[in-house]
Amino acid sequence: MITPIPKLLNTVQIQALRNLIKQGEFEDGKKTAGWHAKDVKRNRQWQASDEIKQQLNEHLTQTLSSCAEFTARTYAKNLMPFIVSLSTQGGGYGDHIDDALMHHEHLVRTDISCTVFLSDPNEYDGGELVMTLGGVEMSYKLNAGDVIIYPSTTLHRVNPVTSGSRLVALTWIESLVSGADKREMLYDLDCARKGIMGQQGKTSEFDLITKTHANLLRRWATT
């Protein structure tokens, strides 16, 4: 379930976030890379005061949480604090897999990875987010304000930036439903019942699908 979500942020929100980011500075991303990622991580990572970080994190978390597509796709239980990554000429991130467990106030299992694009594609060359599923590579270079979510189990990379600057915000999500296949089934059922409600109103078919959706969520969710 690789899911682009277009236009999550409008131009005013993007500029507000970029103004916040200007109040911090960037350092070598290798400082926060795990032992297996140091050789392929070639970006710069944002550092700022706790107050500025909190403002950015609250804004992005609230925006994602209010997005119906995001909530229906993720069943988010916990979100890691956002980090901001800057890649300039020669920067990128080679093939890697995200850590299965991350530490915040408590241990978070990373089920879903999330990238929020803060630069337009015309601001940089290269820098595509490339994921490999079943031996097939899929490349994404979205507009500023767009978001992409994908299973954290996916091998992925950021191609080298050849000119300009690529600015993104990243987070990782622990879902109430750990399996990507189960989340996809729940999403399909949710879309089906909403389609029935929109076209026919509350029918017996709607009730049956809603019952199944609720009972599967009850079975699969871990609180």
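For region 14-26, what are the residues that are open to solvent by 40 Å² or more (accessible area, probe 1.4 Å) and within 27 Å of Thr154 (Cβ to Cβ)?
Here is the first cut: in region 14-26, the residues open to solvent by 40 Å² or more (accessible area, probe 1.4 Å) are 15-16, 18-19, 22-23, 25-26.
Passing the criteria: only Phe26.
All but one of (1) open to solvent by 50 Å² or more (accessible area, probe 1.4 Å); (2) in contact with a Leu (Cβ under 7 Å, 6 or more places away or on another chain); (3) closer than 25 Å to Glu174 by Cβ hold for Lys31, so report the exception by its number.
Failed condition: (2).
Among the residues of region 86-98, is any within 29 Å of Leu176 (Cα to Cα) and over 18 Å from the mean Cα position of the chain (by Cα)?
Within region 86-98, not a single residue is within 29 Å of Leu176 (Cα to Cα) and over 18 Å from the mean Cα position of the chain (by Cα).
If we only count strands (runs of 3 or more DSSP E) wholly inside region 1-79, which ones have 1 or more residues that are more than 18 Å from the chain's Cα centre (by Cα) and more than 30 Å from Leu133 (Cα to Cα)? Please lay out each step first, then the result.
Working: elements: 3-5, 25-28, 44-47, 76-79.
In region 1-79, the matching strands (runs of 3 or more DSSP E) lie at 25-28, 44-47.
Any chance you could count how many residues in region 88-117 are among the hydrophobic types (A, V, I, L, M, F, W, C) and outside any strand (DSSP E or B)?
So the first thing to find is which residues in region 88-117 are among the hydrophobic types (A, V, I, L, M, F, W, C), and the list is 97, 100-102, 107-108, 112, 114, 116-117.
Okay, now just the ones that are also outside any strand (DSSP E or B), so 97, 100.
Number of matching residues: 2.
Please find, within region 113-134, the residue that is modelled with the highest pLDDT out of those that are open to solvent by 70 Å² or more (accessible area, probe 1.4 Å) and not acidic (Asp, Glu).
Step by step, filter region 113-134, then rank; the result is Asn122.
Find the residue count for region 146-193, including only residues that are part of a strand (DSSP E or B) and small (Gly, Ala, Ser).
Our first condition is that a residue be part of a strand (DSSP E or B); within region 146-193, this holds for 147-151, 155-158, 161-164, 166-175.
Imposing the further condition that a residue be small (Gly, Ala, Ser) reduces the set to 163-164, 169, 175.
Matching residues across region 146-193 total 4.
Kindly indicate whether any position in region 30-48 is touching a helix residue (DSSP H, G or I) at 6+ places or on another chain (Cβ under 8 Å), touching a residue at least 40 places away in the same chain (Cβ under 8 Å) and among the hydrophobic types (A, V, I, L, M, F, W, C). Walk me through it before giving the result.
We begin by selecting, within region 30-48, every residue touching a helix residue (DSSP H, G or I) at 6+ places or on another chain (Cβ under 8 Å); these are 38, 41-46, 48.
Restricting the remaining residues to those that are touching a residue at least 40 places away in the same chain (Cβ under 8 Å) gives 41-46.
This time we only want the ones that are among the hydrophobic types (A, V, I, L, M, F, W, C), so: 46.
Checked region 30-48: at least one residue is touching a helix residue (DSSP H, G or I) at 6+ places or on another chain (Cβ under 8 Å), touching a residue at least 40 places away in the same chain (Cβ under 8 Å) and among the hydrophobic types (A, V, I, L, M, F, W, C).
The values are calculated or read from the model by the stated rules, or taken from the named source; none is laboratory data. The shown structure was predicted, so the numbers you read here are calculated from the model rather than taken from an experiment. Positions of Cβ are generated from backbone atoms using ideal geometry, with glycine treated the same way; all protein chains shown enter the neighbour counts. These accessible areas exclude ligands, DNA and RNA; they are computed on the full protein's heavy atoms, side chains included. Shrake-Rupley method; radii C 1.70, N 1.55, O 1.52, S 1.80 Å.
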